[in-house]
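The values are calculated or read from the model by the stated rules, or taken from the named source; none is laboratory data. Source: prediction; values computed, not measured. Glycine gets a Cβ as well: all are built from the backbone with ideal geometry, and neighbour counts include every protein chain shown. Just so you know, the surface numbers come from the protein's heavy atoms only, side chains and all, with ligands and any DNA or RNA stripped out. Shrake-Rupley method; radii C 1.70, N 1.55, O 1.52, S 1.80 Å.
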Amino acid sequence: MTAVRTQSSTTNKLPGYPLDAWYVAAWDKEVTRKPMSRKVAGRPLALYRAEDGKAVALADACWHRLAPLSMGKTLGQDRIQCPYHGIVYNSAGRCVSMPAQETINPSATVPSFPIVERYRYVWVWLGDPAKADPRLVPDMHQLDSPDWTGDGETIYAPCNFQLVLDNLMDLTHEEFIHSSSIGQEELSESDFVVTHDDETVTVARWMFNIDAPPFWLKNMRDRFPGFEGKVDRWQIITFRSPSVINIDVGVAKSGTGAFEGDRSQGVNGFVMNAITPESDKTCHYFWAFMRNYRLDSQLITTQLRDGVHGVFGEDEAMLAAQQAAIDANPDYEFYNLNIDAGGMWVRRLIERQLEAEGRLVPLA
């Protein structure tokens, strides 16, 4: 499917987030024996590790007086103690100890949520636990593959998570927001192709025989010292519903076969993005930049992480301003351009998930 060559409008009221899905709750290194708090898809969670290292996710509110369990402490093999009155729960969320009484109220439980650790992330499922199949965790294997190396960070973004999805599905904004690093006019001049199925949307764009922008010129010279000349550039964006976007990016010496599959004369990266809604107006944006060349260079890893940090900082400022404008203009409609074709399909897939869960609220 190619981009539709018509303009249309849609409401700026974003429909919400599915719950029958795996969301990244934290980097694996963040979750320790000391409880931490993280709000995912509207649900405050207490995250901690049992003595055997297994990650645990409980609702962050004690059964007794709703005190945050994340302010408490871990005890024994897998237990957590409420900081207010000392009630103790196991990793299944069942109370195992109450102060000043031997009889435990059988209703004394807090919700416990399925957890999977994969690709350096801790994933949580907040919907129907019977549907929490670990095989449904989106593929992000570059994050822990020995064939790739890189690093990343977390951005606390003051905007609806679907605005971040919009941003990543249409990279023509790089020409205007990131003009000093990765932007160039060929981005909006080049053709692109959009394909989709029931769970994914892909936007593919190739630019041939162009000058490499500063970010990519540096990367080419990291691998090919002194490189000069034209390059072929690619951006292949793949969305996996409802919140993961992997972007295959890179440049290669022009005419050396990158489009046909031979990328040996270039540099290849993957921008790994997991955007976890916190509320209707905030989200946690976990990202990493992975590469498959010069794997032994920590200097390049650090430079790439810091460079992408700067690029995403520019996005963060725009997204915050966009959310503020949406809040100030609740009746204004979004208008769609050809470049929005991928983002429009992303919204359709999310709406279908919400409808399947019986949670799609008609928008006025």
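Listing for the model above:
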{"item": "Any hit, the range 89-98, residues being more than 26 Å from the chain's Cα centre (by Cα), part of a strand (DSSP E or B), crowded, with 20+ Cβ neighbours inside 10 Å and modelled with pLDDT of 95 or more", "result": "yes"}
{"item": "Qualifying residue in the range 295-315 (condition: open to solvent by 60 Å² or more (accessible area, probe 1.4 Å) and under 17 Å from residue 212 (Cβ atoms))", "result": "yes"}
{"item": "Scope the range 25-70; condition among the aliphatic types (A, V, I, L, M) and farther than 15 Å from residue 110 by Cα; matching residues", "result": "25, 26, 31, 36, 40, 41, 50, 55"}
{"item": "Residue among 215, 239 that is hydrophobic (A, V, I, L, M, F, W, C) and at pLDDT 95 or above", "result": "239"}
{"item": "Residue in the range 126-142 that is farthest from the chain's Cα centre (by Cα), counting only those that are open to solvent by 50 Å² or more (accessible area, probe 1.4 Å) and among the acidic types (Asp, Glu)", "result": "128"}
{"item": "Enumeration of residues in the range 325-338 that are open to solvent by 50 Å² or more (accessible area, probe 1.4 Å) and in contact with a strand residue (DSSP E or B) (Cβ under 8 Å, 6 or more places away or on another chain)", "result": "333, 335"}
{"item": "All positions within the range 309-361 that are over 27 Å from residue 132 (Cα atoms) and outside any helix (DSSP H, G or I)", "result": "329, 330, 331, 332, 333, 334, 335, 336, 337"}
{"item": "The range 225-239 residues that are touching a residue at least 40 places away in the same chain (Cβ under 8 Å) and of a type in the set (Val, Ile, Thr), paired with ones that are in a loop (DSSP other than H, G, I, E, B) and buried (at least 20 other Cβ atoms within 10 Å of the Cβ) (beta carbon under 9 Å, 6 or more apart)", "result": "237/170"}
{"item": "Single unsatisfied condition, residue 198 versus (1) modelled with pLDDT under 95; (2) surrounded by 18 or more Cβ atoms within 10 Å (Cβ to Cβ)", "result": "(2)"}
{"item": "The range 108-125, subset over 26 Å from residue 312 (Cβ atoms) and open to solvent by 20 Å² or more (accessible area, probe 1.4 Å), residue nearest to the chain's Cα centre (by Cα)", "result": "115"}
{"item": "Selection from the range 70-86 of residues that are buried (at least 16 other Cβ atoms within 10 Å of the Cβ) and of a type in the set (Ser, Thr, Tyr)", "result": "70, 74"}
{"item": "Residues being open to solvent by 20 Å² or more (accessible area, probe 1.4 Å), modelled with pLDDT of 95 or more and over 12 Å from the mean Cα position of the chain (by Cα) - total across the range 146-173", "result": "6"}
